[in-house]
Amino acid sequence: MNKDWRSSMGQDGTFARLIRITLIVFVATLLLHSFLYHYFPDVLQHNLLNGNNHSVNAEPRIVQARGTLAEDEKSTIELFENSRDSVVFITTRQRVMDAWTRNIFSVPSGTGSGFIWDNEGHVITNFHVIKGASEATVRVTDGSDYKASLVGASPTHDIAVLRINTRFQQHTPVPIGSSNDLKVGQKVFAIGNPFGLDWTLTTGIVSALDRSLPSGDGRSIDNLIQTDAAINPGNSGGPLLDSAGRLIGINTAIYSPSGASAGIGFAVPVDTVNHVVPQIISRGKYIRPAMGITVDSKLNRRLAEHLKINGVIILSISPGSAAEEAGLKGATVTAEGNIVANDVIVAIDGKSIDSVDKLFSRIDNYKVGDTIKLTVRRYGDRSEEIEVPITLQPSE
């Protein structure tokens with residue numbers, strides 16, 4: 001009994017010593033590997049990495065001649081080089097008040113793009129780029145920064161005009177093109193400062209025309225150009241150019257859940273810009289032409305659907321207005337409170353009108369003092385369609 005016990009203990013002791021020796025060898029191996037790794041790393045490297053396969057006569061590879069650039073590449077490069085000096089980078093700051101100290105200080109509020117309009121220091125950008133800002137700085141391509149003042153804006157068109165106290169003698173104003181003859185599919189080029197990256201060029205095509213988006217005053221911006229040229233935050237206010245390098249629009253918005261370009265961008269057409277900007281420069285604001293009528297977008301939709309008509313119902317006429325002089329009639333209200341339509345505008349100069357926003361958009365193509373021809377459907381004893389000339393007056 002005792003002999004078996006001692007034999008078992010001997011075997012257990014041998015097994016324990018074997019385990020201890022194994023652990024000691026393992027730990028020693030780890031320590032040796034760590035020592036070599038830190039002080040002699042080349043010993044552990046594979047032959048492919050330890051420098052034993054160096055070639056004595058290694059030389060850089062011969063560069064293959066590229067040849068001439070393709071014609072479309074040449075034209076794109078030329079367009080960018082000719083146009084970039086007309087584009088500016090705009091940074092804005094906003095004054096805020098410390099809730100505890102009541103001290104007022106200035107903090108950065110945003111960035112955007114713009115372009116040189118003339119040699120008098122006027123710069124065009126989007127209204128939303130400078131909205132709420134207390135100061136703006138314009139940077140030109142030579143790196144010079146200028147403090148800018150606000151000349152005026154038209155929130156309805158998302159257009160703002162800034163001015164800096166210098167003459168652009170070395171920077172050419174962007175050439176003006178037209179937007180009424182644009183075709184879906186033609187090439188367009190956007191230059192701006194996306195994400196604050198200086199003077200970036202993206203290209204695409206005109207994807208669609210006559211698009212609408214909501215504006216800051218509750219109305220919509222109409223006649224927008226839709227493009228697939230990459231337009232990202234910071235591109236706003238920059239120029240959209242045609243292949244001749246002419247301005248055809250101001251990049252104003254993107255459609256994207258993430259805020260980055262998703263292939264759908266919008267630009268205010270240059271015909272609108274060229275109509276609005278001169279008024280802002282000369283008057284400090286844009287005065288919309290008007291007729292002296294009262295209309296309502298939501299009510300018009302309900303009434304038009306109920307009456308099965310397609311047009312804009314004139315709700316009332318302002319006394320002494322151009323509409324009164326033209327003989328237009330407003331709607332009447334029955335004793336029961338029902339609205340009865342009298343005159344419904346269905347077209348302006350032959351172009352159909354199916355909504356209040358479309359009516360304002362069509363009128364915006366004219367100036368105060370212009371005479372337009374309204375096509376009016378008059379309801380009464382009998383329904384008839386008449387042509388009514390009317391001279392536009394300033395809006396109130």
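Odds and ends about this structure:
- Taking each residue of the range 264-283 that is within 14 Å of F127 (Cβ to Cβ) and in contact (Cβ under 8 Å) with a residue 24 or more places away in the chain and looking for partners that are open to solvent by 10 Å² or more (accessible area, probe 1.4 Å) and charged (D, E, K, R) with beta-carbon atoms closer than 9 Å, six or more apart or interchain, yields V268/D158; T272/D222; T272/D364; V276/D364.
- Taken over the range 78-87, the criterion of being under 22 Å from G234 (Cα atoms) and open to solvent by 50 Å² or more (accessible area, probe 1.4 Å) is satisfied by E81, N82, R84, D85.
- Residue, farthest from R283 (Cα to Cα), within the range 117-170, restricted to residues that are β-branched (V, I, T), part of a strand (DSSP E or B) and open to solvent by 20 Å² or more (accessible area, probe 1.4 Å): T137
- Restricting the range 172-198 to residues that are surrounded by 20 or more Cβ atoms within 10 Å (Cβ to Cβ) and modelled with pLDDT under 85, the residue that is nearest to R84 (Cα to Cα): N193
- In the range 263-311, the residues that are more than 24 Å from I116 (Cα to Cα) and surrounded by 21 or more Cβ atoms within 10 Å (Cβ to Cβ): M291, G292, I293, N300, G311
- Within the range 182-210, the set of residues being among the hydrophobic types (A, V, I, L, M, F, W, C), in contact with a helix residue (DSSP H, G or I) (Cβ under 9 Å, 6 or more places away or on another chain) and closer than 15 Å to D72 by Cβ comprises F189, L201.
- Close pairs from the range 151-169: first modelled with pLDDT of 85 or more and among the small types (G, A, S), partner surrounded by fewer than 19 Cβ atoms within 10 Å (Cβ to Cβ) and assigned to a strand (DSSP E or B), Cβ under 9 Å, at least 6 apart: G152/K285; A153/K285; S154/K285; A160/L150
- Residue check, D349 touching a strand residue (DSSP E or B) at 6+ places or on another chain (Cβ under 7 Å), closer than 23 Å to L307 by Cβ and among the charged types (D, E, K, R): no
The values are calculated or read from the model by the stated rules, or taken from the named source; none is laboratory data. Note that the structure is predicted; figures quoted are calculated from it, not measured. Because the Cβ atoms are built from the backbone with ideal geometry, glycine has one as well, and the counts that use them run over all protein chains shown. Keep in mind that these areas ignore ligands, DNA and RNA; they rest on the heavy atoms of the full protein, side chains included. Shrake-Rupley method; radii C 1.70, N 1.55, O 1.52, S 1.80 Å.
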